[in-house]
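**Student:** Sharing a structure, written as structure tokens. Questions coming.
The values are calculated or read from the model by the stated rules, or taken from the named source; none is laboratory data. These figures come from a predicted structure and were not determined experimentally. Here the Cβ positions follow ideal geometry from the backbone for every residue, glycine too, while neighbour counts run over all protein chains shown. Ligands, DNA and RNA are stripped out before the accessible areas are found, and what is left, the full protein with its side chains, is counted by its heavy atoms. Shrake-Rupley method; radii C 1.70, N 1.55, O 1.52, S 1.80 Å.
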Amino acid sequence: MTATVFIDGESGTTGLGIRERLAATPDVTVKSIAPERRRDPEARKALMEEVDLVVLCLPDDAAKESAALAASLGSAAPKVLDASTAHRVNPDWTYGFAEFLPGQADRIAQARQVANPGCYPTGAIGLIRPLIDAGLVPSDYPITINAASGYSGGGKAMIEAHETSGGPAFELYGLKLEHKHVAETQLFGGLTRRPLFVPSVAHCRQGMLVSIPLHLDALAGKPSGGDLQAVLADRYAGCDLVRVVPPAANGKLQIEALNDTDRLELTVYANETHRQAVLVARLDNLGKGASGAAVQNIRLMLGLHAGATARETVDA
């Protein structure tokens, strides 16, 4: 039986990515609303009543309004996946990072309301949470997160700035230290101390690197880099989309290497002489960082094989 999905906000970057992926999925049909009626609450509500699941690809306030519109249908309400920031730390919503905790994929599958993770938090939480759960990194450790993203994650204005006028080669932003991803990262990362997060944008359309420096002698039990790597490898053993990989021999990582895949790669770079390490996550900000994760969650919520449309190919 074919499941039906309505993407509320399908014309944005994430919505288009979800629609493209679902178009190649024979067991899911996407239903659309006429462009001139996309802002009509009654038209949207009527379509919501017809489908199995609604995806919200909207600004936060609009996502809250759309979620309330779906909920107003009562027993006829569809399942809802929210790709915005609006509900990520709301306890009534299930967090949509299927691999970050054992059993999380099952929780997503059983949920009526799921909040898709942010791109930066996907990398940071993927690195931090297993080490905190294992007791190697204290929950109150002063975590610093440095991250670089392709410009496609910055919305219409940023995309136009880069593609029309060339944009800056590289820029830091969020330097008021109030980035909207911090609360999500702290909560699901298992941190009791607010992390210091410094994001940046590179002049490439897609790609993401998230790095977290650590002083090994400041950690519980003074672990080696190999100990950290082993904990990560154990947590994600058997995962299709999250892989723990050995450090590159040349000590370099290219930001675009996982573009057009839905994978997340985690690595520990360590210098045992200086007792320092850097945890690094690499992903496509439009893949596992957005649309790819959304489709993974859609398939879980609809009871379909979660990995059936996963993009695994990586160019050498």
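**Student:** What is the number of the single condition among (1) open to solvent by 20 Å² or more (accessible area, probe 1.4 Å); (2) over 23 Å from residue 59 (Cα atoms); (3) in a loop (DSSP other than H, G, I, E, B); (4) at pLDDT 95 or above that residue 177 does not meet?
**Tutor:** (2)
**Student:** Next question, about the same structure. Do we find a residue being farther than 20 Å from residue 286 by Cα, modelled with pLDDT under 95, open to solvent by 70 Å² or more (accessible area, probe 1.4 Å) and out of contact with any helix residue (DSSP H, G or I) (no Cβ under 7 Å at 6 or more places or on another chain) anywhere in the stretch 23-33?
**Tutor:** Looking through the stretch 23-33, at least one residue is farther than 20 Å from residue 286 by Cα, modelled with pLDDT under 95, open to solvent by 70 Å² or more (accessible area, probe 1.4 Å) and out of contact with any helix residue (DSSP H, G or I) (no Cβ under 7 Å at 6 or more places or on another chain).
**Student:** Now a separate question. Quick one: in the stretch 220-246, which of the residues that are closer than 18 Å to residue 292 by Cβ and open to solvent by 60 Å² or more (accessible area, probe 1.4 Å) is modelled with the lowest pLDDT?
**Tutor:** Per the criteria, the residue is 240.
**Student:** Hey, among 144, 185, 192, which residue is at pLDDT 95 or above and touching a strand residue (DSSP E or B) at 6+ places or on another chain (Cβ under 6 Å)? Working first, answer last.
**Tutor:** Numbers: 185 fails: touching a strand residue (DSSP E or B) at 6+ places or on another chain (Cβ under 6 Å); 192 fails: touching a strand residue (DSSP E or B) at 6+ places or on another chain (Cβ under 6 Å).
Just one listed residue meets the conditions, 144.
**Student:** If you go through the stretch 202-216 one residue at a time, do you hit one that is over 25 Å from residue 116 (Cβ atoms), in contact (Cβ under 8 Å) with a residue 60 or more places away in the chain and assigned to a helix (DSSP H, G or I)? Working first, answer last.
**Tutor:** Pass one, the stretch 202-216, residues over 25 Å from residue 116 (Cβ atoms): 203, 213-216.
Add one more test, that the residue is in contact (Cβ under 8 Å) with a residue 60 or more places away in the chain, and what stays is 213-216.
If we keep only those that are assigned to a helix (DSSP H, G or I) as well, we get 216.
Checking the stretch 202-216: at least one residue is over 25 Å from residue 116 (Cβ atoms), in contact (Cβ under 8 Å) with a residue 60 or more places away in the chain and assigned to a helix (DSSP H, G or I).
**Student:** Are any residues in the stretch 169-226 over 18 Å from the mean Cα position of the chain (by Cα) and hydroxyl-bearing (Ser, Thr, Tyr), and if so, which ones?
**Tutor:** 173, 192, 224
**Student:** OK, next. Could you tell me whether any residue of the stretch 11-29 is assigned to a loop (DSSP other than H, G, I, E, B) and in contact with a Cys (Cβ under 9 Å, 6 or more places away or on another chain)? Don't jump to the end; show me each part of the working.
**Tutor:** The first filter runs over the stretch 11-29 and keeps only residues assigned to a loop (DSSP other than H, G, I, E, B), leaving 11-12, 24-27.
Still in the running and in contact with a Cys (Cβ under 9 Å, 6 or more places away or on another chain): 11-12.
Yes, the stretch 11-29 contains a residue that is assigned to a loop (DSSP other than H, G, I, E, B) and in contact with a Cys (Cβ under 9 Å, 6 or more places away or on another chain).
**Student:** Here is a follow-up. Name every residue in the stretch 100-127 that is in contact (Cβ under 8 Å) with a residue 60 or more places away in the chain, out of contact with any Ser or Thr (no Cβ under 8 Å at 6 or more places or on another chain) and closer than 23 Å to residue 193 by Cα, in order of residue number.
**Tutor:** 100, 117, 122, 123, 126, 127
**Student:** Between residues in the stretch 180-196 that are open to solvent by 60 Å² or more (accessible area, probe 1.4 Å) and among the charged types (D, E, K, R) and residues that are at pLDDT 95 or above and in a helix (DSSP H, G or I), which pairs lie under 9 Å by C-beta distance while being six or more apart or on different chains?
**Tutor:** These pairs meet every condition: 180/60; 193/186; 194/182; 194/183; 194/186.
**Student:** Test of understanding: among 249, 257, which residue is surrounded by 16 or more Cβ atoms within 10 Å (Cβ to Cβ), out of contact with any Gly (no Cβ under 6 Å at 6 or more places or on another chain) and either at pLDDT 95 or above or over 22 Å from residue 121 (Cβ atoms) (or both)?
**Tutor:** On the way: 249 fails: surrounded by 16 or more Cβ atoms within 10 Å (Cβ to Cβ).
So the residue among 249, 257 that is surrounded by 16 or more Cβ atoms within 10 Å (Cβ to Cβ), out of contact with any Gly (no Cβ under 6 Å at 6 or more places or on another chain) and either at pLDDT 95 or above or over 22 Å from residue 121 (Cβ atoms) (or both) is 257.
**Student:** Next question. Is there any pair with a first residue in the stretch 231-246 that is over 10 Å from residue 126 (Cβ atoms) and a second that is modelled with pLDDT of 95 or more and of a type in the set (A, V, I, L, M, F, W, C) whose Cβ atoms are under 6 Å apart and which are 6 or more apart or on different chains, and what are they?
**Tutor:** Close Cβ pairs (under 6 Å, with a partner that is modelled with pLDDT of 95 or more and of a type in the set (A, V, I, L, M, F, W, C)) amount to 231/131; 231/134; 233/244.
**Student:** Ok, one more. Just to be sure before I move on: is residue 156 over 22 Å from residue 269 (Cα atoms), in a helix (DSSP H, G or I), open to solvent by 40 Å² or more (accessible area, probe 1.4 Å) and basic (Lys, Arg) in the structure I sent? Steps first, answer last, please.
**Tutor:** Details: over 22 Å from residue 269 (Cα atoms): yes; in a helix (DSSP H, G or I): yes; open to solvent by 40 Å² or more (accessible area, probe 1.4 Å): yes; basic (Lys, Arg): yes.
The answer is yes for residue 156.
**Student:** Let me ask something else about it. Restricting the stretch 263-303 to residues that are outside any loop (DSSP other than H, G, I, E, B) and basic (Lys, Arg), which is surrounded by the most Cβ atoms within 10 Å (Cβ to Cβ)? Spell out the reasoning first.
**Tutor:** Our first condition is that a residue be outside any loop (DSSP other than H, G, I, E, B); within the stretch 263-303, this holds for 264-271, 276-283, 287-301.
Subsequent filtering for residues that are basic (Lys, Arg) retains 282, 288, 299.
Numbers: 282: 23, 288: 31, 299: 25.
Looking at residues that are outside any loop (DSSP other than H, G, I, E, B) and basic (Lys, Arg), I get 288.
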